[in-house]
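So the structure is just underneath, and the comments pick up after that.
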């Protein structure tokens, strides 16, 4: 009976719920749920759980969350996020941090870009440009 049930499952039916349970709770506690765009939640949680390019984020969201989104939709959303919600996101993050830490004097954020130099592609390495313009 179990073998018959498992034999009917496909990869598209399997969902990873750990990141949503843990990081989704933090997302809600920060107050980010007040941003009225579902894609914001998906992108934030995916970025924390699986920090890869936007193109790979599309794959991650589909494969592990069952969310179909195009990379162009992510880019358009990021423009909208910057134009419409940037101040609200900054305020929410600051208010939450201040409530936890008390007084805040300096905040550092790591913007390091990682890249590999390779002549051949495989599942891990894709040829393209890095943020600092290298091949």
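Read-outs throughout are calculated quantities, based only on the coordinates presented, and are distinct from any laboratory measurement. Source: prediction; values computed, not measured. For neighbour counting, all protein chains shown are included, and Cβ atoms are generated from backbone atoms with ideal geometry for every residue, glycine included.
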Hits in region 47-62: amide N under 17 Å from the 7 Å Cα→Cβ extension of residue 80, namely 58
With label points set 7 Å from each Cα along the Cα-to-Cβ direction at residue 29 and residue 62, the distance between them in nm comes to 3.4 nm
Plugging the Cβ-Cβ distance of residue 107 and residue 4 into 1/(1 + (r/R0)^6) at R0 = 41 Å yields, to the nearest 0.05, a FRET efficiency of 0.15
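Sort 55, 81 by Cβ crowding within 10 Å, fewest neighbours at the top. Before the final figure, lay out each step's value.
Details: 55 12, 81 17.
Ordered by Cβ neighbours within 10 Å, fewest first: 55, 81.
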